[in-house]
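As structure tokens, the structure follows; a few thoughts come after it.
The values are calculated or read from the model by the stated rules, or taken from the named source; none is laboratory data. All values derive from a computational prediction rather than experimental measurement. Cβ: placed from backbone, ideal geometry, glycine included. Neighbour counts: every protein chain shown.
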Amino acid sequence: MGHAVSARSRRAKCETRVAPRCNPGRRRARRAVTPALPGHPRRPRSTLNEGTEDDGTPRTARTAIGLDDQSPGLLRGNSVTGTSTSPWGFNIMHGIEPLSFTVDVTTPGWHDLVVYRSDAAILFDRIIIETRAGAAGDGLVGPPESPNNIAAPQRATVAPRPRTMPELRRLPAIRTSVDETSTVQGVRDAEAAKSDNETAASVAVTDGQVRITGHRAGTAEISITVGGQAWVASVTVGRAAGAPVGAYLERDGSAVLDAADALEKSASATAIDGNNGTHGWALARNGLQVVPPADAGAKAQWLATSAAQAEALFKAGPTEKVNGSSAAGAPPRLDFTVAIQTRGTYYLFVNTSNPNADADSYHVVVDGQWRYQSGKSGPETGFETWYGSTSVAGAALTLEPGEHTISLAPREAGLVLNQIALTTDDTPGLTGFQAPSGRRASAS
């Protein structure tokens, strides 16, 4: 499994390998790793985990860490490529991947913290050891390097390989539905399991078996420990079987829609891809994203600032770039039917997880008529955060009782929509995901 580098440290960087004293107790450390492909410059574009080895094994930024002669614990990078709002995407944007581990220090004195190489081309930025939970803070790279005025620099040594090395096993992808609990096949005697997205899917271990329960349409990665080995599976959660597919019901001046419902492609909720053959909708962590995403170096915009420009935009041919747009064709679109019971002036808010400031705006269309493009005073790039454009012209939507079609189209590729709220309150103070509105049994 490769060689190991030993460093004597309580809090050390791999480059310096300094050696202060280590006291007894449980130590929690966080390692920040910047993966890079051999022969390529380091930039937030690709990671070591993409693709497979020659033998078909999925790549993953794996290493292992142990104390002295203790059996090492396997640390693995995220091995599932995904959208910019997935764990993979956030690691790319941050430029590092923090991994947590624990070591038990039972005696005072000098100790070797042994780092074992498993996969090649991993760059170690630093190792941070906490003796008190939260001491390192929440920064991406952690606190400054600790001073070393205790001992002279020590020469690093090559540690012997352990007799056994933990391995990573990837399970087949799992598909489940909201409110459905299923048992992971092929796994027995599981010791622990964890989901990286409890909002979409939770996981529990009962009598050695792993059970996954879907809560919301989205994606998650499940980590399972079996016999000290690390197993992992990607999970996709779809809508509940037999769920209503009719119009969304406004109640007391409010209607809430889950963006992922549009994947059902019913008369009341549908996702329409762009006609340029490149851009479309994909299920993201807890919503839908327009893929491929744009950024400052590769913008993809569909521009319109008036009803006349919007009409030309939505009628654009696959290769046409209208209104100065950088993206060709008509943009992707989400259509939802909402049954309004309370006449009034409504405002639209969206819960988004947009990846960057060049992928965070959209057009609003009501009953086939373009109303406005989202206006923002700053980047709308908060994770699962609510935004609204109540101050722009056309944002006040006067809706009569009856069914109305609410459509959203990206102004920029990469837009991530989790939920949409239509409310008569122009300052609703929304936080977190809202309970979705009820729906009619079928389209009217």
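Listed by first and then second residue, the pairs with beta-carbon distance under 7 Å, at least 6 apart or on different chains, first residue in the range 418-444 and more than 15 Å from residue 255 (Cβ to Cβ), second among the aliphatic types (A, V, I, L, M), are 418/259; 442/245; 443/245; 443/247; 443/267; 444/247.
Condition check ((1) of a type in the set (Phe, Trp, Tyr); (2) in a strand (DSSP E or B); (3) crowded, with 21+ Cβ neighbours inside 10 Å) across all residues:
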position	(1), (2), (3)
329	no, no, yes
335	no, yes, no
338	no, yes, yes
348	no, yes, yes
351	no, yes, yes
363	no, yes, yes
371	no, yes, no
378	no, no, no
390	no, no, no
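A search for C-beta distances below 6 Å between a residue of the range 116-135 that is assigned by TED's automatic domain parsing to the domain that holds residue 106 and among the aliphatic types (A, V, I, L, M) and any residue that is surrounded by 14 or more Cβ atoms within 10 Å (Cβ to Cβ) and at pLDDT 70 or above, counting only pairs 6+ apart in sequence or on different chains, returns 128/136; 128/142.
Rundown of residues vs (1) modelled with pLDDT of 75 or more; (2) outside the structural domain of residue 219 (by TED's automatic domain parsing); (3) among the small types (Gly, Ala, Ser), yes/no style:
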position: 74; (1), (2), (3): no, yes, no
position: 77; (1), (2), (3): no, yes, yes
position: 81; (1), (2), (3): no, yes, no
position: 86; (1), (2), (3): no, yes, yes
position: 96; (1), (2), (3): no, yes, no
position: 104; (1), (2), (3): yes, yes, no
position: 107; (1), (2), (3): yes, yes, no
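One line per residue, one yes/no per condition, for (1) at negative phi; (2) at pLDDT 95 or above; (3) surrounded by 14 or more Cβ atoms within 10 Å (Cβ to Cβ):
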residue: 402; (1), (2), (3): no, yes, no
residue: 405; (1), (2), (3): yes, yes, yes
residue: 411; (1), (2), (3): yes, yes, yes
residue: 435; (1), (2), (3): yes, yes, no
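Quick one: is residue 260 small (Gly, Ala, Ser), surrounded by 24 or more Cβ atoms within 10 Å (Cβ to Cβ), outside any strand (DSSP E or B) and in contact (Cβ under 8 Å) with a residue 24 or more places away in the chain? Taking the combined requirement at face value, the residue satisfies it.
Selection within the range 263-308: residues that are aliphatic (A, V, I, L, M), exposed (fewer than 15 other Cβ atoms within 10 Å of the Cβ) and free of Cβ contacts under 8 Å to residues at least 60 places away in the same chain. The member of this set that is nearest to residue 375 (Cα to Cα) is 308.
Looking at 337, 352, can you tell me which residue is closer than 22 Å to residue 307 by Cβ and modelled with pLDDT of 95 or more?
Matching residue, one of 337, 352: 337.
Residues that are in contact with a strand residue (DSSP E or B) (Cβ under 7 Å, 6 or more places away or on another chain) and surrounded by fewer than 15 Cβ atoms within 10 Å (Cβ to Cβ) within the range 413-430 comprise just one, 426.
So, residue 178, is that one touching a His at 6+ places or on another chain (Cβ under 7 Å), at pLDDT 75 or above and outside the structural domain of residue 69 (by TED's automatic domain parsing) or not?
Taking the combined requirement at face value, the residue satisfies it.
Here the condition is being without any contact (Cβ under 8 Å) to a residue 40 or more places away in the chain and assigned by TED's automatic domain parsing to the domain that holds residue 294; of 384, 380, 403, 412, it holds for 380 alone.
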